[in-house]
Every structure is written in structure tokens, then in C-alpha cells.
Amino acid sequence: MTYCVGLCLEDGLVMLSDTRTNAGVDHIASFPKMHVVENPGERILVVLSAGNLAISQAVLTFAQSGVEVDGTLQTLESAPNMFAAARLLGAAVRKVHAIDGKALDEQHVPFDVSLLLGGQIAGESHRLFQIYSAGNFIEATCDTPFFQIGEHKYGKPILDRVVHHDTDLRAGIKLVLLSMDSTLRSNLTVGLPIDLLVYRRDALRVELRRRITEDDAYFRDMRERWSQALRDAYRALPDFE
């Protein structure tokens with residue numbers, strides 16, 4: 001399992017993913033779940049993936065090499081807009097299902113894949129989509145400015161309480177890291193290192209891309225401060241009468 005989160009804010013995008021993949025307690029490995037297509041000045045696309053690793057890798061390979069959409073072979077580098085890029089990923093998901101779905105079903109392996117696609121292509125605004133295992137998708141809005149995939153339940157409460165469309169990017173970074181910290185503490189199938197990417201609206205290039213490990217001073221300090229703040233808030237609550 002994994003955990004990925006994306007914020008679509010007024011000022012841009014904040015994307016975060018872990019790297020843990022496990023197939024049992026004795027087979028744990030790290031694979032990047034963040035995939036970036038960047039052509040500075042023209043487009044920046046960020047794809048986060050969760051679910052079956054083999055399926056997600058096949059989907060991304062097809063999306064990069066080309067999938068037929070409306071009779072035209074398209075890739076993430078050639079899609080004319082973000083909606084078309086989301087359709088392309090959905091078509092790639094359905095193509096992998098057509099190839100491997102029956103064999104997986106025979107082995108009682110669920111077809112489990114989900115994707116987040118965020119970015120901007122010149123001529124339109126930045127956008128964020130969530131693509132499901134059926135190949136259909138939804139788009140983030142001002143009312144719902146974030147999406148999560150994978151093991152999302154532990155990191156959702158802080159986002160529900162605080163994230164708004166007008167949240168600034170620096171606050172967004174803190175919030176996704178706190179969301180990841182809650183997940184790391186409560187689920188062993190999610191693990192460090194984690195990958196962070198920040199995109200500023202209309203920049204058409206990555207502003208910040210960083211891999212955060214156990215040795216990252218900021219993340220370690222933030223985790224300790226947050227834990228202490230929660231303990232202090234708990235102690236400050238009145239006792240139940």
C-alpha cells in the first residue's frame with residue numbers, strides 16, 4: 001500500500017507521495033510513486049500512483065509511449081490540455097485491464113490502481129484529477145481542493161479541518177507533511193522516504209522537488225513539534241463531568 005496526496009490551491013499545486021511497496025512482511029521495497037513530465041514554459045504534469053505496482057507501472061509506460069484516444073495516438077507529452085491528459089491516463093488504465101484483467105482475475109488478484117494527475121499546460125489554468133481503476137476520473141474544485149489515494153484515512157482529518165482553496169503554498173506543504181506523518185505513525189505499509197513537489201501557478205516549471213528521508217531536519221522537527229502540540233491541546237481540554 002502507499003499514500004499520496006495532492007492539493008490544488010489558488011496559488012498552485014502541492015503533491016506528496018511515499019515510496020513503500022510491500023508484498024508481505026518479509027518483502028518490503030521502495031519505488032517512486034511520483035512521475036513528472038516537464039517541458040519548461042510549455043507543460044508540467046505530475047502523476048502519483050497507488051495500488052498494484054505492476055499495474056501502475058504498465059499504465060505509466062503506455063501513457064508515455066502512446067495510447068489511442070479519439071483515433072489519435074497521444075502521450076503525456078503531446079496531450080493538448082489537462083482534460084485530455086486525464087482521458088489519456090484513463091485510456092491507459094483500460095488498456096492494461098484489457099490485457100491483464102482476465103489473468104489477474106484467474107489468480108484472484110484485484111485490478112487495483114488509482115492515480116492523481118496534477119499540472120498545467122500553456123493556455124489553461126492548473127488542474128488536479130483523480131483517475132479510478134475503471135479509467136474514469138473526477139476533478140478537484142474550489143470546494144474540494146485536495147485528493148488522496150492509497151492509505152488515506154489517517155491523513156484525512158487534518159486536511160478536512162484546515163485546507164481551503166485559498167490556502168497558500170507554504171501552508172499547503174506543512175499540511176501534506178502533517179497528513180503524511182499521521183499516516184506513517186498509524187500504518188506500517190506506508191514508509192519513508194517521501195517525495196514532495198511544489199508547483200506555482202503559471203510558472204510552467206517545477207518550483208520545488210525534494211526527497212525527504214529520516215535525516216531531514218525540517219520534517220523531524222515538525223513531527224516532534226506536532227506531537228507535542230497535540231499532547232498540549234489534549235491536556236488543555238476540560239475534564240468530562
Revision key, fill the gap. Exactly one of 47, 5, 37, 14 is in contact (Cβ under 8 Å) with a residue 24 or more places away in the chain, over 18 Å from residue 111 (Cα atoms) and surrounded by fewer than 24 Cβ atoms within 10 Å (Cβ to Cβ), and that residue is 37
Exercise for review: Determine whether segment 92-113 contains at least one residue that is outside any helix (DSSP H, G or I), surrounded by 16 or more Cβ atoms within 10 Å (Cβ to Cβ) and in contact with a Ser or Thr (Cβ under 9 Å, 6 or more places away or on another chain).
Suggested key: yes
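Looking at 205, 209, can you tell me which residue is surrounded by fewer than 16 Cβ atoms within 10 Å (Cβ to Cβ), assigned to a strand (DSSP E or B) and at negative phi?
Working: 205 fails: assigned to a strand (DSSP E or B).
Only one candidate qualifies: 209.
Quick one: is residue 6 modelled with pLDDT of 95 or more and either more than 17 Å from the chain's Cα centre (by Cα) or on the phi > 0 side of the Ramachandran plot (or both)? Show your work before the answer.
Details: modelled with pLDDT of 95 or more: yes; either more than 17 Å from the chain's Cα centre (by Cα) or on the phi > 0 side of the Ramachandran plot (or both): no.
So residue 6 does not fit the description; no.
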Check your understanding: What do you reckon, is residue 117 closer than 24 Å to residue 196 by Cβ and either within 17 Å of the chain's Cα centre (by Cα) or modelled with pLDDT of 95 or more (or both)?
Key -> yes
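So, of the residues in segment 135-157 that are of a type in the set (A, V, I, L, M, F, W, C) and within 11 Å of the chain's Cα centre (by Cα), which turns out to be surrounded by the fewest Cβ atoms within 10 Å (Cβ to Cβ)?
The initial filter retains those residues of segment 135-157 that are of a type in the set (A, V, I, L, M, F, W, C), namely 137-138, 140, 142, 146-147, 149.
If we keep only those that are within 11 Å of the chain's Cα centre (by Cα) as well, we get 146-147, 149.
Details: 146: 25, 147: 25, 149: 23.
Step by step, filter segment 135-157, then rank; the result is 149.
Please tell me if residue 104 is of a type outside the set (Val, Ile, Thr) and within 14 Å of the chain's Cα centre (by Cα). First the steps, then the outcome.
Numbers: of a type outside the set (Val, Ile, Thr): yes; within 14 Å of the chain's Cα centre (by Cα): no.
No, not satisfied.
The values are calculated or read from the model by the stated rules, or taken from the named source; none is laboratory data. Since the structure is predicted, the reported quantities are computational estimates derived from the model, not experimental observations. Using ideal geometry, Cβ is built from the backbone for each residue, glycine included, and neighbour counts are taken over all protein chains shown.
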